[in-house]
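For reference, the structure discussed in these notes is given below.
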Amino acid sequence: MINGKPVEKSLGSLGNVAAVEEPKVFVRIEPDGDSGKVAADGTLELVIHPGETVTAKIIADRLGLKDRIEFGKEDAGRNLPHGVYVDNIGLSGLMIPEGKSEQGFFITAAPWVPETVREFHLRTEGKEKQASQSVRLIVKEKDALAGAK
């Protein structure tokens, strides 16, 4: 209502809405040993220093998917800060092989990456396109961490 008169604006159509198949896989990122911790808000946090590499694991709950699960090559980490990338992926990229349910992976920050906080995720390729939960990546200078203790 504007000035006592109804005002309407058409938003167009959503198109055909239809149910899709149940997903055949769910994926999640977990820390690899002491590589991360869950914050008070429930988000997994990984801390990395410029010029260093940290590890994590991608876990797959297979719900009927028997094939390998691919996450991509140089674009495997979605929304990582500039200069931070999923490393050591080999020729085939980051993937969980057939018959396995987890895979370790590496995240590397170039030496020049500034301090930042960014949430990232991994997403499967192919028709499934299932995304992991968001993980908070904290890029901190080593001296900044030492001074906080």
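Within region 70-84, not a single residue is buried (at least 19 other Cβ atoms within 10 Å of the Cβ), modelled with pLDDT of 90 or more, more than 15 Å from Ala109 (Cα to Cα) and among the aliphatic types (A, V, I, L, M). Taking region 120-145 as the range and being basic (Lys, Arg) and surrounded by 15 or more Cβ atoms within 10 Å (Cβ to Cβ) as the test, the residues that pass are Arg123, Arg136, Lys140.
Going residue by residue through region 122-131, is there one that turns out to be free of Cβ contacts under 8 Å to residues at least 24 places away in the same chain and either over 15 Å from the mean Cα position of the chain (by Cα) or not in a loop (DSSP other than H, G, I, E, B) (or both)? Yes, the conditions are met somewhere in region 122-131. Scanning region 30-52 for residues that are assigned to a loop (DSSP other than H, G, I, E, B) and touching a residue at least 60 places away in the same chain (Cβ under 8 Å) returns Asp32, Ala39, Thr43, His49, Pro50, Gly51.
Residue by residue, here is whether (1) surrounded by 17 or more Cβ atoms within 10 Å (Cβ to Cβ); (2) under 19 Å from Ser134 (Cα atoms); (3) among the basic types (Lys, Arg) holds:
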position	(1), (2), (3)
Pro6	no, no, no
Asn16	no, no, no
Glu22	no, no, no
Asp34	no, yes, no
Ala39	no, yes, no
Val47	no, yes, no
Ala60	yes, yes, no
Glu98	no, no, no
Ile107	yes, yes, no
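The values are calculated or read from the model by the stated rules, or taken from the named source; none is laboratory data. Because the structure is a prediction, the values reported are computed rather than measured. No Cβ is skipped: glycine too gets one built from the backbone with ideal geometry, and neighbour counts run over all protein chains shown.
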